[in-house]
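In what follows, a structure is listed as structure tokens, so that the remarks can point back to it.
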Amino acid sequence: MLSPFYFLGGAALGWAIGGMDFAALFGAAVSSKMVKYWHGVALACVFCFAGCMIQGWKGIGTISALAPQSLAAAVIASAAAAIAITVLNLFKLPVPTSQAVVGSIAGIAAADGCFRIEAFAPLMGCWLATPLTAFVIALPMYFFAAMAVGRTKFDIFQRDMFYRIALILAGCYAAYAMGANAVANVSAVFVKSGAMDVSGACIFGGVFIAIGMITFSRRVVETVGNGIIKLDPFSALIAVVTEAVTAHFFAFIGVPVSMTQALIGAIVGIAVARGAKAVKVRMLVNIFAGWIVMPLFSFALSFGIYAASRAVCPGIFSL
């Protein structure tokens with residue numbers, strides 16, 4: 001029986017992803033005062049776990065096919081990605097967790113001399129496609145939804161209740177899509193190494209993502225909710241629905257993508273629809289910089305840890 005030590009990196013990675021990605025689910029709703037923080041956390045945990053169990057297996061297959069993985073390599077890859085995510089989380093930047101995982105796997109593959117760009121290129125292409133897809137969806141959705149809502153005859157109390165219910169439903173859908181995406185980032189390396197089966201990997205990832213949401217998600221909420229553009233309840237609703245649709249599409253085809261990138265693309269689309277002056281350009285530049293730094297940082301981190309570990313303790317790589 002394997003020691004729990006081997007899974008600490010994956011547990012830390014799930015925790016870090018949960019802490020980072022909760023803001024992409026209910027951050028806008030919490031910041032717009034339509035949903036209480038702890039209510040959002042509870043709903044996100046339930047629906048995220050459902051997404052892990054129902055659709056997470058597709059992404060696990062995609063990530064598992066990137067490169068050969070020993071158990072020791074899986075431990076190092078998950079630990080390096082968790083460290084990279086946590087470090088950038090401390091700077092309150094909503095960075096893409098999927099890029100951290102892919103970057104760390106690529107670092108180990110490079111250290112082993114088995115890095116194949118053709119295996120990683122489709123995922124890298126999806127990093128660009130994710131925010132662009134969300135941007136393209138958000139623009140027309142904003143205008144059509146604005147016309148539809150404008151024709152309603154709600155009074156102020158009915159409108160408040162409408163937005164509250166709609167944001168809760170949208171957040172739950174986004175949490176489901178997030179679970180279907182993120183569980184592969186947490187535990188696919190353990191499936192590839194033979195340490196877990198797919199069902200066990202889905203449970204493992206779902207549990208630790210939920211723990212991350214509960215314990216480490218407050219830091220990024222304000223950055224997503226107000227850092228790029230001030231979100232009113234209507235804009236928050238469009239952002240979350242767009243993000244969920246985008247992420248669910250990629251989960252359906254088995255490509256784990258970043259919920260954060262989908263949400264940022266949606267928010268930028270909304271900002272353009274409302275007028276470019278509403279965009280906080282400096283924060284947007286910082287977020288884009290995080291998207292570039294994240295895979296490079298996790299690549300370098302996993303490469304260095306793997307190379308050093310192989311030099312000092314070569315016996316562990318027979319596991």
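The values are calculated or read from the model by the stated rules, or taken from the named source; none is laboratory data. Everything numeric here is computed off the predicted structure, so don't read it as measured data. Here the Cβ is made from the backbone with ideal geometry for all residues, glycine too, and neighbour counts use every protein chain on show.
Of note:
- Those helices (runs of 4 or more DSSP H) of the stretch 63-172 in which at least 2 residues are of a type in the set (Phe, Trp, Tyr), considering only elements entirely within it, cover 117-150.
- Test: Ala50 is touching a Leu at 6+ places or on another chain (Cβ under 6 Å) and part of a helix (DSSP H, G or I): no
- Test for Met1: is it surrounded by fewer than 20 Cβ atoms within 10 Å (Cβ to Cβ), farther than 20 Å from Ala247 by Cα and modelled with pLDDT under 90: yes
Every residue, every condition in (1) surrounded by fewer than 23 Cβ atoms within 10 Å (Cβ to Cβ); (2) among the aromatic types (Phe, Trp, Tyr); (3) over 23 Å from Leu301 (Cβ atoms); (4) out of contact with any Phe, Trp or Tyr (no Cβ under 7 Å at 6 or more places or on another chain), yes or no:
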{"residue": "Gly27", "(1), (2), (3), (4)": "no, no, yes, yes"}
{"residue": "Ala44", "(1), (2), (3), (4)": "no, no, yes, no"}
{"residue": "Ala50", "(1), (2), (3), (4)": "yes, no, yes, no"}
{"residue": "Gly59", "(1), (2), (3), (4)": "no, no, no, yes"}
{"residue": "Leu71", "(1), (2), (3), (4)": "yes, no, no, no"}
{"residue": "Ala77", "(1), (2), (3), (4)": "no, no, no, yes"}
{"residue": "Ile85", "(1), (2), (3), (4)": "no, no, no, yes"}
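- Which listed residue, of Ala134, Ala119, Ala109, Ala129, is touching a Pro at 6+ places or on another chain (Cβ under 9 Å) and closer than 26 Å to Lys58 by Cα: Ala109
- Output for the stretch 173-197, where each listed residue is within 20 Å of the chain's Cα centre (by Cα) and surrounded by fewer than 21 Cβ atoms within 10 Å (Cβ to Cβ): Tyr173
- Thr246 of a type outside the set (D, E, K, R), in contact with a Ser or Thr (Cβ under 6 Å, 6 or more places away or on another chain), modelled with pLDDT of 90 or more and closer than 30 Å to Leu66 by Cα: yes
- For the residues Ala44, Ala28, Ala67, the requirement of being farther than 15 Å from Phe208 by Cβ, touching a Leu at 6+ places or on another chain (Cβ under 6 Å) and of a type outside the set (D, E, K, R) singles out Ala28.
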